[in-house]
1. Can we say ASN108 is out of contact with any helix residue (DSSP H, G or I) (no Cβ under 9 Å at 6 or more places or on another chain), touching a residue at least 24 places away in the same chain (Cβ under 8 Å) and outside the structural domain of ILE196 (by TED's automatic domain parsing)?
2. Against the conditions (1) in contact with an Asp or Glu (Cβ under 8 Å, 6 or more places away or on another chain); (2) without any contact (Cβ under 8 Å) to a residue 60 or more places away in the chain, where does ASP199 fall short? Just the number, please.
3. Taking VAL137 as the residue in question, decide whether it is touching a Phe, Trp or Tyr at 6+ places or on another chain (Cβ under 9 Å), farther than 30 Å from ASN230 by Cα and aliphatic (A, V, I, L, M).
4. Which of the residues belonging to the range 406-434 are of a type in the set (Asp, Glu) and assigned to a strand (DSSP E or B)?
5. Quick one: how many residues across the range 119-146 are in contact (Cβ under 8 Å) with a residue 40 or more places away in the chain and either of a type in the set (Val, Ile, Thr) or under 25 Å from HIS94 (Cα atoms) (or both)?
6. Scan the range 417-439 for residues that are surrounded by fewer than 17 Cβ atoms within 10 Å (Cβ to Cβ) and over 28 Å from GLY9 (Cα atoms) and jot them down.
7. Can you name every residue in the range 312-328 that is within 13 Å of the chain's Cα centre (by Cα), surrounded by fewer than 23 Cβ atoms within 10 Å (Cβ to Cβ) and aliphatic (A, V, I, L, M)?
8. Inside the range 94-105, can you point out the residues that are farther than 17 Å from ASP254 by Cβ and either assigned to a loop (DSSP other than H, G, I, E, B) or in the same structural domain as ALA348 (by TED's automatic domain parsing) (or both)?
Amino acid sequence: MSLIKSISGIRGTIGGKTGDNLTPEDIVKFVSAYAEWLKNNRNGKKLKVVVGRDARISGQMVKMIVNGTLSGCGIDVIDIDLASTPTTEMAVVHFNADGGLILTASHNPLQWNALKMLNHKGEFLSGDDGKAILDIVDKGIESYAEVHDLGKIDTASYHQEHIDEIIKLELVKPEIIAHKNFKVVIDGINSVGALIIPDLLKSLGVTEIIELNNEANGHFAHPAEPLPENVIEICQTVKETKADLGIVVDPDVDRLALIDENGIMFGEEYTIVAVAEYILKHKKGNTVSNLSSSRALKDITEKEGGEYFASAVGEVNVVEMMKAQNAVIGGEGNGGVIYPELHYGRDALVGIALFLSHLAHEDIKVSELKKRYPPYIIIKDKIELSPELNVDELLNDVEKAYQNEQVNTTDGVKIDFKNGWVHLRKSNTEPIIRIYCEAATEREAKELAKGIKQNINNSFTI
(Lines give C-alpha, C1' and ligand atoms only; values in the text may rest on other atoms or scores of the structure.)
Protein backbone atom coordinates (compact mmCIF):
# COMPACT_ATOMS: atom_id res chain seq x y z
CA MET A 1 0.00 0.00 0.00
CA SER A 2 1.56 3.28 -1.14
CA LEU A 3 -1.16 5.86 -0.42
CA ILE A 4 -0.49 7.99 2.64
CA LYS A 5 -3.36 10.15 3.90
CA SER A 6 -2.43 12.76 6.47
CA ILE A 7 -3.47 16.21 7.60
CA SER A 8 -0.62 17.69 5.53
CA GLY A 9 -1.77 16.18 2.22
CA ILE A 10 -2.18 13.04 0.17
CA ARG A 11 0.93 11.22 -1.06
CA GLY A 12 1.19 8.07 -3.10
CA THR A 13 2.67 6.19 -6.02
CA ILE A 14 1.18 6.62 -9.47
CA GLY A 15 -0.86 3.76 -10.93
CA GLY A 16 -2.02 0.51 -9.42
CA LYS A 17 -5.16 -0.19 -7.46
CA THR A 18 -7.59 2.53 -6.39
CA GLY A 19 -7.36 3.23 -2.67
CA ASP A 20 -3.90 1.74 -2.44
CA ASN A 21 -2.08 4.20 -4.72
CA LEU A 22 -2.50 7.73 -6.07
CA THR A 23 -4.82 6.82 -8.95
CA PRO A 24 -7.00 9.21 -10.99
CA GLU A 25 -10.01 8.17 -8.93
CA ASP A 26 -8.18 8.96 -5.69
CA ILE A 27 -7.09 12.35 -7.03
CA VAL A 28 -10.70 13.26 -7.87
CA LYS A 29 -11.89 12.11 -4.44
CA PHE A 30 -9.39 14.12 -2.42
CA VAL A 31 -9.50 17.25 -4.58
CA SER A 32 -13.31 17.20 -4.38
CA ALA A 33 -13.10 17.01 -0.58
CA TYR A 34 -10.67 19.94 -0.53
CA ALA A 35 -13.06 21.92 -2.75
CA GLU A 36 -15.96 21.12 -0.42
CA TRP A 37 -13.91 22.23 2.58
CA LEU A 38 -13.16 25.55 0.85
CA LYS A 39 -16.85 26.10 0.17
CA ASN A 40 -17.62 25.48 3.83
CA ASN A 41 -15.01 27.98 4.99
CA ARG A 42 -14.93 30.81 2.45
CA ASN A 43 -18.38 32.36 2.85
CA GLY A 44 -20.07 30.94 -0.24
CA LYS A 45 -18.47 33.30 -2.77
CA LYS A 46 -17.10 32.24 -6.16
CA LEU A 47 -13.82 30.57 -5.24
CA LYS A 48 -10.47 30.32 -6.98
CA VAL A 49 -7.49 28.08 -6.36
CA VAL A 50 -3.86 28.33 -7.54
CA VAL A 51 -2.37 25.08 -8.87
CA GLY A 52 1.39 24.61 -9.27
CA ARG A 53 3.55 21.53 -9.77
CA ASP A 54 7.11 20.29 -9.80
CA ALA A 55 8.48 18.66 -12.95
CA ARG A 56 8.02 14.99 -12.13
CA ILE A 57 6.75 13.03 -15.12
CA SER A 58 3.30 12.36 -13.66
CA GLY A 59 2.74 16.04 -12.99
CA GLN A 60 0.96 16.95 -16.21
CA MET A 61 -1.47 14.05 -15.85
CA VAL A 62 -2.20 14.84 -12.21
CA LYS A 63 -2.62 18.55 -12.98
CA MET A 64 -5.20 17.91 -15.69
CA ILE A 65 -7.29 15.81 -13.29
CA VAL A 66 -6.91 18.37 -10.49
CA ASN A 67 -7.89 21.31 -12.70
CA GLY A 68 -10.86 19.44 -14.15
CA THR A 69 -12.06 18.37 -10.72
CA LEU A 70 -11.86 21.89 -9.31
CA SER A 71 -13.77 23.18 -12.33
CA GLY A 72 -16.36 20.44 -11.84
CA CYS A 73 -16.75 21.62 -8.26
CA GLY A 74 -17.49 25.13 -9.50
CA ILE A 75 -14.08 26.57 -8.51
CA ASP A 76 -11.97 28.78 -10.80
CA VAL A 77 -8.38 27.63 -11.38
CA ILE A 78 -5.24 29.71 -11.79
CA ASP A 79 -2.79 27.24 -13.32
CA ILE A 80 0.82 28.39 -12.83
CA ASP A 81 2.10 24.98 -13.98
CA LEU A 82 5.83 24.40 -13.33
CA ALA A 83 6.60 26.29 -10.14
CA SER A 84 8.42 25.74 -6.89
CA THR A 85 6.44 25.05 -3.73
CA PRO A 86 7.26 28.48 -2.24
CA THR A 87 6.33 30.15 -5.55
CA THR A 88 2.91 28.52 -5.45
CA GLU A 89 2.45 29.51 -1.81
CA MET A 90 3.17 33.16 -2.56
CA ALA A 91 1.03 33.09 -5.72
CA VAL A 92 -2.05 32.25 -3.62
CA VAL A 93 -1.75 35.62 -1.87
CA HIS A 94 -0.72 37.49 -5.03
CA PHE A 95 -3.80 36.34 -6.95
CA ASN A 96 -6.08 36.79 -3.91
CA ALA A 97 -7.03 33.13 -4.18
CA ASP A 98 -8.93 31.09 -1.64
CA GLY A 99 -6.41 28.28 -1.55
CA GLY A 100 -3.74 26.41 -3.43
CA LEU A 101 -2.77 22.90 -4.47
CA ILE A 102 0.87 21.94 -4.94
CA LEU A 103 1.46 18.79 -6.96
CA THR A 104 4.75 17.49 -5.62
CA ALA A 105 6.06 14.57 -3.62
CA SER A 106 9.02 16.67 -2.54
CA HIS A 107 12.11 14.46 -2.10
CA ASN A 108 10.31 11.17 -2.87
CA PRO A 109 11.33 9.20 -6.01
CA LEU A 110 9.77 10.01 -9.38
CA GLN A 111 7.04 7.32 -9.15
CA TRP A 112 5.50 9.30 -6.29
CA ASN A 113 3.31 12.39 -6.41
CA ALA A 114 1.18 14.24 -3.89
CA LEU A 115 -1.53 16.82 -3.31
CA LYS A 116 -0.33 19.45 -0.84
CA MET A 117 -3.14 21.73 0.26
CA LEU A 118 -2.91 25.44 1.13
CA ASN A 119 -5.26 27.91 2.77
CA HIS A 120 -5.97 31.46 1.56
CA LYS A 121 -2.75 32.68 3.20
CA GLY A 122 -0.68 30.32 1.05
CA GLU A 123 0.19 28.27 4.13
CA PHE A 124 -0.25 24.56 4.83
CA LEU A 125 -3.46 23.60 6.57
CA SER A 126 -3.74 23.21 10.31
CA GLY A 127 -4.25 19.79 11.83
CA ASP A 128 -7.93 20.49 12.39
CA ASP A 129 -8.45 21.65 8.79
CA GLY A 130 -6.63 18.62 7.40
CA LYS A 131 -8.75 16.31 9.55
CA ALA A 132 -11.92 18.07 8.34
CA ILE A 133 -10.97 17.30 4.73
CA LEU A 134 -10.32 13.64 5.53
CA ASP A 135 -13.74 13.52 7.21
CA ILE A 136 -15.31 14.86 4.01
CA VAL A 137 -13.52 12.12 2.04
CA ASP A 138 -15.13 9.51 4.28
CA LYS A 139 -18.60 11.02 3.89
CA GLY A 140 -18.34 11.61 0.12
CA ILE A 141 -19.51 14.51 -2.05
CA GLU A 142 -23.25 14.89 -2.55
CA SER A 143 -23.23 16.96 -5.77
CA TYR A 144 -21.04 18.82 -8.28
CA ALA A 145 -21.57 22.07 -10.18
CA GLU A 146 -24.22 22.47 -12.87
CA VAL A 147 -23.02 23.30 -16.39
CA HIS A 148 -23.38 27.09 -16.04
CA ASP A 149 -21.58 27.04 -12.68
CA LEU A 150 -18.40 25.24 -13.77
CA GLY A 151 -15.15 26.93 -12.79
CA LYS A 152 -12.98 28.51 -15.47
CA ILE A 153 -9.33 27.53 -15.92
CA ASP A 154 -6.81 30.31 -16.57
CA THR A 155 -3.03 30.12 -16.90
CA ALA A 156 -0.62 32.53 -15.23
CA SER A 157 2.92 32.79 -13.87
CA TYR A 158 4.46 33.98 -10.63
CA HIS A 159 8.05 33.06 -11.52
CA GLN A 160 9.60 36.52 -11.90
CA GLU A 161 7.33 38.07 -9.28
CA HIS A 162 8.69 35.66 -6.66
CA ILE A 163 12.24 36.65 -7.55
CA ASP A 164 11.34 40.36 -7.49
CA GLU A 165 9.85 40.07 -4.01
CA ILE A 166 13.07 38.42 -2.76
CA ILE A 167 15.27 41.10 -4.32
CA LYS A 168 13.21 43.83 -2.59
CA LEU A 169 13.91 42.43 0.89
CA GLU A 170 15.94 44.82 3.04
CA LEU A 171 18.56 42.22 4.01
CA VAL A 172 19.07 40.87 0.49
CA LYS A 173 22.07 42.73 -0.98
CA PRO A 174 22.45 42.24 -4.77
CA GLU A 175 25.01 45.06 -5.09
CA ILE A 176 27.35 43.48 -2.52
CA ILE A 177 26.85 40.01 -4.01
CA ALA A 178 27.60 41.29 -7.53
CA HIS A 179 30.80 42.94 -6.30
CA LYS A 180 32.12 39.58 -5.02
CA ASN A 181 31.98 37.93 -8.49
CA PHE A 182 30.90 34.57 -7.07
CA LYS A 183 31.15 31.47 -9.24
CA VAL A 184 28.20 29.22 -8.37
CA VAL A 185 27.33 25.66 -9.41
CA ILE A 186 23.63 24.64 -9.37
CA ASP A 187 22.12 21.16 -9.34
CA GLY A 188 18.49 21.56 -10.41
CA ILE A 189 17.89 17.77 -10.39
CA ASN A 190 15.90 18.23 -13.64
CA SER A 191 12.97 19.81 -11.85
CA VAL A 192 11.67 23.33 -11.23
CA GLY A 193 14.83 24.50 -9.45
CA ALA A 194 16.53 24.34 -12.86
CA LEU A 195 14.07 26.99 -14.08
CA ILE A 196 14.05 29.53 -11.27
CA ILE A 197 17.43 29.35 -9.50
CA PRO A 198 19.51 30.61 -12.49
CA ASP A 199 17.13 33.57 -12.88
CA LEU A 200 17.34 34.32 -9.16
CA LEU A 201 21.14 34.23 -9.21
CA LYS A 202 21.27 36.58 -12.20
CA SER A 203 18.96 39.00 -10.40
CA LEU A 204 21.31 38.82 -7.41
CA GLY A 205 24.24 39.83 -9.59
CA VAL A 206 25.86 36.41 -10.04
CA THR A 207 27.12 36.13 -13.62
CA GLU A 208 29.27 32.98 -13.50
CA ILE A 209 26.77 30.13 -13.15
CA ILE A 210 27.43 26.46 -13.92
CA GLU A 211 24.22 24.47 -14.32
CA LEU A 212 23.92 20.72 -13.75
CA ASN A 213 20.79 18.69 -14.48
CA ASN A 214 19.09 21.80 -15.81
CA GLU A 215 16.19 20.37 -17.83
CA ALA A 216 12.82 20.43 -16.07
CA ASN A 217 11.81 17.05 -17.52
CA GLY A 218 11.15 15.16 -14.28
CA HIS A 219 13.79 12.51 -14.92
CA PHE A 220 15.67 13.06 -11.68
CA ALA A 221 19.40 12.81 -12.24
CA HIS A 222 19.98 11.19 -8.84
CA PRO A 223 17.91 10.27 -5.77
CA ALA A 224 15.92 13.37 -4.95
CA GLU A 225 16.84 13.92 -1.31
CA PRO A 226 19.93 16.19 -1.09
CA LEU A 227 22.04 13.83 1.02
CA PRO A 228 25.85 13.51 0.65
CA GLU A 229 25.66 10.18 -1.20
CA ASN A 230 23.24 11.71 -3.75
CA VAL A 231 25.16 14.86 -4.68
CA ILE A 232 28.57 13.52 -5.62
CA GLU A 233 28.48 15.13 -9.09
CA ILE A 234 28.06 18.71 -7.88
CA CYS A 235 30.66 18.24 -5.13
CA GLN A 236 33.20 17.17 -7.75
CA THR A 237 32.19 19.98 -10.12
CA VAL A 238 32.56 22.68 -7.46
CA LYS A 239 36.05 21.49 -6.68
CA GLU A 240 37.13 21.00 -10.31
CA THR A 241 35.85 24.40 -11.47
CA LYS A 242 37.16 26.22 -8.38
CA ALA A 243 33.69 27.55 -7.69
CA ASP A 244 32.85 29.49 -4.55
CA LEU A 245 29.64 27.66 -3.79
CA GLY A 246 27.41 24.78 -4.83
CA ILE A 247 23.61 24.86 -4.52
CA VAL A 248 21.43 21.75 -4.36
CA VAL A 249 17.65 21.69 -3.95
CA ASP A 250 14.97 19.04 -3.87
CA PRO A 251 12.44 18.74 -6.74
CA ASP A 252 10.06 21.39 -5.35
CA VAL A 253 12.73 23.81 -4.05
CA ASP A 254 11.75 24.13 -0.40
CA ARG A 255 14.95 22.50 0.90
CA LEU A 256 18.39 24.03 0.44
CA ALA A 257 21.72 22.21 0.69
CA LEU A 258 25.03 23.99 0.14
CA ILE A 259 28.50 22.85 -0.94
CA ASP A 260 31.65 24.69 0.12
CA GLU A 261 34.52 25.66 -2.18
CA ASN A 262 36.31 22.37 -1.41
CA GLY A 263 33.39 20.28 -2.64
CA ILE A 264 32.28 19.41 0.90
CA MET A 265 28.67 19.67 2.03
CA PHE A 266 27.97 22.58 4.35
CA GLY A 267 25.35 20.40 6.07
CA GLU A 268 21.60 20.79 5.68
CA GLU A 269 21.28 21.40 9.42
CA TYR A 270 23.54 24.43 9.07
CA THR A 271 21.62 26.14 6.26
CA ILE A 272 19.17 27.64 8.75
CA VAL A 273 21.98 28.30 11.24
CA ALA A 274 23.97 30.43 8.78
CA VAL A 275 20.92 32.34 7.55
CA ALA A 276 19.76 32.91 11.13
CA GLU A 277 23.14 34.31 12.14
CA TYR A 278 22.91 36.83 9.31
CA ILE A 279 19.36 37.87 10.18
CA LEU A 280 20.07 38.14 13.92
CA LYS A 281 23.14 40.32 13.36
CA HIS A 282 20.90 42.87 11.67
CA LYS A 283 17.56 42.35 13.41
CA LYS A 284 17.34 41.13 16.98
CA GLY A 285 14.63 38.60 17.74
CA ASN A 286 13.66 35.00 18.37
CA THR A 287 14.11 31.85 16.31
CA VAL A 288 12.24 28.56 15.93
CA SER A 289 13.07 25.11 14.58
CA ASN A 290 11.58 21.71 15.23
CA LEU A 291 12.61 19.37 18.02
CA SER A 292 14.71 17.20 15.68
CA SER A 293 16.82 20.10 14.39
CA SER A 294 20.34 20.94 15.50
CA ARG A 295 21.15 22.60 18.80
CA ALA A 296 23.43 24.93 16.81
CA LEU A 297 20.49 27.25 16.06
CA LYS A 298 19.81 27.64 19.80
CA ASP A 299 23.49 28.40 20.40
CA ILE A 300 23.65 31.04 17.67
CA THR A 301 20.35 32.62 18.73
CA GLU A 302 21.39 33.00 22.36
CA LYS A 303 24.80 34.32 21.30
CA GLU A 304 23.05 37.08 19.35
CA GLY A 305 20.74 37.94 22.24
CA GLY A 306 17.58 36.17 21.08
CA GLU A 307 15.49 33.35 22.48
CA TYR A 308 15.14 29.97 20.79
CA PHE A 309 11.94 27.90 20.73
CA ALA A 310 11.39 24.30 19.55
CA SER A 311 8.18 23.15 17.89
CA ALA A 312 6.76 19.76 17.05
CA VAL A 313 8.07 18.27 13.80
CA GLY A 314 6.29 19.51 10.68
CA GLU A 315 6.33 22.81 8.79
CA VAL A 316 2.85 23.85 9.97
CA ASN A 317 3.99 23.42 13.59
CA VAL A 318 7.13 25.49 13.03
CA VAL A 319 5.07 28.27 11.44
CA GLU A 320 2.54 28.23 14.28
CA MET A 321 5.33 28.54 16.84
CA MET A 322 7.05 31.30 14.84
CA LYS A 323 3.86 33.36 14.85
CA ALA A 324 3.29 32.77 18.57
CA GLN A 325 6.86 33.81 19.48
CA ASN A 326 7.20 36.55 16.87
CA ALA A 327 10.29 34.86 15.45
CA VAL A 328 12.37 36.78 12.90
CA ILE A 329 13.64 33.57 11.29
CA GLY A 330 12.88 29.88 11.58
CA GLY A 331 12.86 26.61 9.73
CA GLU A 332 13.81 22.98 9.85
CA GLY A 333 17.10 21.15 9.92
CA ASN A 334 16.46 19.61 6.51
CA GLY A 335 17.52 22.84 4.82
CA GLY A 336 14.14 24.53 5.13
CA VAL A 337 14.39 28.31 5.67
CA ILE A 338 11.23 30.19 6.71
CA TYR A 339 11.63 33.98 6.54
CA PRO A 340 8.43 35.75 7.59
CA GLU A 341 9.47 39.03 5.96
CA LEU A 342 8.68 37.20 2.69
CA HIS A 343 6.15 34.51 3.64
CA TYR A 344 5.50 31.72 6.12
CA GLY A 345 6.79 28.76 4.15
CA ARG A 346 10.06 26.90 3.59
CA ASP A 347 11.76 28.64 0.70
CA ALA A 348 15.15 27.60 -0.71
CA LEU A 349 15.16 30.69 -2.95
CA VAL A 350 15.09 33.24 -0.14
CA GLY A 351 17.59 30.99 1.66
CA ILE A 352 19.99 31.33 -1.29
CA ALA A 353 19.59 35.12 -1.40
CA LEU A 354 20.15 35.55 2.34
CA PHE A 355 23.08 33.11 2.44
CA LEU A 356 24.86 34.86 -0.43
CA SER A 357 24.22 38.24 1.22
CA HIS A 358 25.74 36.88 4.44
CA LEU A 359 28.73 35.38 2.62
CA ALA A 360 29.39 38.61 0.71
CA HIS A 361 28.96 40.78 3.80
CA GLU A 362 31.39 38.67 5.85
CA ASP A 363 33.83 38.44 2.92
CA ILE A 364 34.94 34.91 3.76
CA LYS A 365 34.87 31.49 2.11
CA VAL A 366 32.01 29.08 2.76
CA SER A 367 34.31 26.66 4.63
CA GLU A 368 35.51 29.48 6.89
CA LEU A 369 31.92 30.45 7.65
CA LYS A 370 31.11 26.88 8.66
CA LYS A 371 34.00 26.83 11.15
CA ARG A 372 32.33 29.61 13.13
CA TYR A 373 29.41 27.40 14.12
CA PRO A 374 29.24 24.82 16.92
CA PRO A 375 30.20 21.40 15.49
CA TYR A 376 27.37 18.93 15.97
CA ILE A 377 26.57 15.60 14.38
CA ILE A 378 23.03 14.20 14.10
CA ILE A 379 22.43 10.49 13.57
CA LYS A 380 19.15 8.69 12.95
CA ASP A 381 18.22 5.27 14.30
CA LYS A 382 15.04 3.34 15.03
CA ILE A 383 13.55 0.65 17.23
CA GLU A 384 11.26 -1.92 15.62
CA LEU A 385 8.19 -2.70 17.68
CA SER A 386 5.97 -5.69 18.27
CA PRO A 387 2.35 -5.12 17.12
CA GLU A 388 0.86 -5.50 20.59
CA LEU A 389 3.12 -2.89 22.23
CA ASN A 390 1.48 0.33 23.46
CA VAL A 391 3.92 2.92 22.11
CA ASP A 392 2.41 5.81 24.07
CA GLU A 393 2.92 3.94 27.33
CA LEU A 394 6.51 3.16 26.36
CA LEU A 395 7.25 6.83 25.64
CA ASN A 396 5.60 7.84 28.93
CA ASP A 397 7.88 5.43 30.78
CA VAL A 398 10.92 6.81 28.95
CA GLU A 399 9.89 10.29 30.08
CA LYS A 400 9.69 9.11 33.70
CA ALA A 401 13.03 7.30 33.48
CA TYR A 402 14.79 10.52 32.44
CA GLN A 403 12.80 12.95 34.60
CA ASN A 404 15.99 14.37 36.12
CA GLU A 405 17.07 15.60 32.69
CA GLN A 406 15.46 18.35 30.63
CA VAL A 407 12.53 16.59 28.91
CA ASN A 408 10.16 17.95 26.22
CA THR A 409 7.00 15.97 25.34
CA THR A 410 5.57 18.29 22.68
CA ASP A 411 6.18 15.67 20.01
CA GLY A 412 7.22 12.27 21.33
CA VAL A 413 9.94 12.57 23.97
CA LYS A 414 13.05 14.74 23.64
CA ILE A 415 15.73 14.47 26.31
CA ASP A 416 18.38 17.19 26.52
CA PHE A 417 21.66 16.11 28.07
CA LYS A 418 24.68 18.31 28.72
CA ASN A 419 26.58 16.73 25.82
CA GLY A 420 23.68 16.32 23.36
CA TRP A 421 20.06 15.28 22.97
CA VAL A 422 17.87 12.34 21.99
CA HIS A 423 14.45 12.65 20.37
CA LEU A 424 12.09 9.66 20.15
CA ARG A 425 8.96 9.81 17.96
CA LYS A 426 6.58 7.07 16.92
CA SER A 427 6.19 6.65 13.17
CA ASN A 428 2.79 7.25 11.60
CA THR A 429 3.48 4.78 8.79
CA GLU A 430 5.62 1.99 10.27
CA PRO A 431 5.69 -0.04 13.55
CA ILE A 432 8.84 1.71 14.74
CA ILE A 433 10.08 4.44 17.06
CA ARG A 434 12.36 6.91 15.28
CA ILE A 435 15.41 7.98 17.24
CA TYR A 436 17.31 11.19 16.49
CA CYS A 437 20.51 11.91 18.43
CA GLU A 438 22.89 14.87 18.33
CA ALA A 439 26.29 15.38 19.94
CA ALA A 440 29.63 16.98 19.19
CA THR A 441 30.94 13.81 17.51
CA GLU A 442 29.40 10.88 15.69
CA ARG A 443 30.76 8.50 18.35
CA GLU A 444 29.04 10.44 21.14
CA ALA A 445 25.78 10.59 19.18
CA LYS A 446 25.88 6.84 18.62
CA GLU A 447 26.57 6.27 22.31
CA LEU A 448 23.48 8.33 23.21
CA ALA A 449 21.38 6.24 20.83
CA LYS A 450 22.87 3.01 22.13
CA GLY A 451 22.15 3.98 25.74
CA ILE A 452 18.53 4.83 25.06
CA LYS A 453 17.96 1.62 23.09
CA GLN A 454 19.55 -0.51 25.82
CA ASN A 455 17.38 1.09 28.50
CA ILE A 456 14.24 0.49 26.44
CA ASN A 457 15.22 -3.11 25.64
CA ASN A 458 15.94 -3.83 29.30
CA SER A 459 12.58 -2.46 30.40
CA PHE A 460 10.20 -3.58 27.66
CA THR A 461 9.47 -6.44 25.32
CA ILE A 462 9.44 -4.70 21.96
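1. Numbers: out of contact with any helix residue (DSSP H, G or I) (no Cβ under 9 Å at 6 or more places or on another chain): yes; touching a residue at least 24 places away in the same chain (Cβ under 8 Å): yes; outside the structural domain of ILE196 (by TED's automatic domain parsing): yes.
Against the criterion (out of contact with any helix residue (DSSP H, G or I) (no Cβ under 9 Å at 6 or more places or on another chain), touching a residue at least 24 places away in the same chain (Cβ under 8 Å) and outside the structural domain of ILE196 (by TED's automatic domain parsing)), ASN108 qualifies.
2. Just one mismatch for ASP199, condition (1).
3. Considered against the rule, which asks whether it is touching a Phe, Trp or Tyr at 6+ places or on another chain (Cβ under 9 Å), farther than 30 Å from ASN230 by Cα and aliphatic (A, V, I, L, M), VAL137 comes out as yes.
4. ASP416
5. Adding up the residues that qualify gives 14.
6. PHE417, LYS418, ASN419
7. Correct list: VAL313, VAL316.
8. Within the range 94-105, the first condition is being farther than 17 Å from ASP254 by Cβ, and the residues that meet it are 94-99.
Those that are farther than 17 Å from ASP254 by Cβ and either assigned to a loop (DSSP other than H, G, I, E, B) or in the same structural domain as ALA348 (by TED's automatic domain parsing) (or both): PHE95, ASN96, ALA97, ASP98.
The values are calculated or read from the model by the stated rules, or taken from the named source; none is laboratory data. This is a predicted model, so every value here is computed, not measured. Every residue, glycine as well, gets a Cβ built from its backbone with ideal geometry; the counts of neighbours run over all protein chains shown.
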